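What follows draws every value from the coordinates through simple rules; no lab data is involved. All values derive from a computational prediction rather than experimental measurement. In this analysis, Cβ positions are derived from the backbone assuming ideal geometry, glycine residues included, and neighbour counts consider all displayed protein chains.
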Amino acid sequence: MQRILVIKLSALGDFVLGLGPMQAIRAAHPDAEITLLTTKGLAPLAKASGLFQQIWLDERPKLWRVGAVLGLRRRLREVGFERVYDLQTSSRTGWYFRLFWPGERPEWSGTAPGCSHPDLNPVRNTLHLVEAQAGQLAAAGIARTPLSDLSGWQSDISGLALPFGYAVLLPGGAPHRPEKRWPAEHFGELARRLAGQGLTPVLVGGPPEAEPARVIADACPQALSIIGQTSLLDLASVMRGARVVVGNDTGPMHIASLVGRPCVVMFGPDSSPDRSRPRAHPGYPEPVILEAGNLADLPPDTIWQSVSDILRAPNPLPL
């Protein structure tokens, strides 16, 4: 049996966009034993995809942790992988390629110097991740890479008691990048306007979003916070029921768009929609992208105009 390793470590949005390439790899190697090397938080999503026989967790050992490095090296070498698809293509995973030395290295798709199937596109780093990874797989002999199919990401969210007719608000983002967050006060104004249209604003996120959620709830008592109550897998089911999803440039927005929900996404100066905007399947609405040099300067009226246009349009059915 052919043994293949796929590497995809983080972050959530990149993993969601990387699911299409992973599905393409499975289609190209239907009888292979495919192992995924990923991080702990993303493992449930990988398991739900049904693409992998094994899922390994990467502890990302520091170079000075000699025992851990040697343990990773031994694990990579002893399985006898015939091919590796490095979908992370970072300096770290390029270093993993070197762990196979000395001795025979597997075929390797990625950007590591000296690998057998390099992606030599000189403008790769200017492309959207979808096109960049499709080009990488084409260089490795996989001609067609689809957009990620999230239909397998299903969970029981009945315990959340979501109302009929709701909109999802995502006030969060990477905790170490506050400049990527639209102000909570603006989200509060947007929540009030949604409630005025008969839609319950549902606030989604993790524990770091507890304070923004409090600010929004103070401004709009009709808002329902499910902050900290959902797993990553739950997000797909929560998004499928939303009339519209509004949020910062953050991973769950990719899930919302790929399950067919109309989205409004806000990008600040440190994010590039050309490289990382959410994508939608054909026949479903492309996300509305709004950019600002300072997200605090993006007024609620501007967001509301885009949301109003979505609410006036026919409601697309979820995938």
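Here is how the numbers come out for the structure above:
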| item | result |
| --- | --- |
| Nitroxide proxy distance, nm - points 7 Å out along Cα→Cβ at residue 33 and residue 78 | 1.3 nm |
| At R0 = 45 Å, FRET efficiency that the Cβ-Cβ distance of residue 47 and residue 185 yields, to 0.05 | 0.70 |
| Cut-off 18 Å, label 7 Å out along Cα→Cβ of residue 120, residues of the stretch 77-108 by amide N | 107-108 |
| Neighbour cut-off at most 12 other Cβ (10 Å), DSSP loop, GluC sites (Glu not before Pro), the stretch 80-180 | 104 |
| Rel. contact order, % - alpha carbon contacts under 8 angstrom, at least six apart, the stretch 116-232 | 21 percent |
| Per residue convex hull volume, Cα atoms of the chain, in Å³ | 138 Å³ |
| For peptides 5-15, 143-153, 33-43, 238-248, sequence by mean Cβ density within 10 Å, most packed first | 238-248, 5-15, 33-43, 143-153 |
| Over 20 Å [Cα-Cα, the stretch 160-286], rounded percent | 38 percent |
| Ranking of 56, 95, 182 by count of other Cβ atoms within 10 Å, fewest first | 95, 56, 182 |
| Lys, Arg +1 and Asp, Glu -1 on Cβ, resulting dipole of the stretch 158-312 about Cα centre, debye, nearest 20 | 460 debye |
| Estimated inter-spin distance, residue 305 and residue 40, nm [label 7 Å along Cα→Cβ] | 4.6 nm |
| Spin-label pair residue 90/residue 161, simplified geometry with 7 Å Cα→Cβ offset, distance in nm | 4.0 nm |
| 0 to 90° range, to nearest 10: angle between helix 66-78 axis and the chain longest Cα axis | 70 degrees |
| Candidates per trypsin sites (Lys or Arg not before Pro) in the stretch 82-138, loop by DSSP, up to 15 other Cβ within 10 Å | none |
| At R0 = 35 Å, FRET efficiency that the Cβ-Cβ distance of residue 272 and residue 99 yields, to 0.05 | 0.65 |
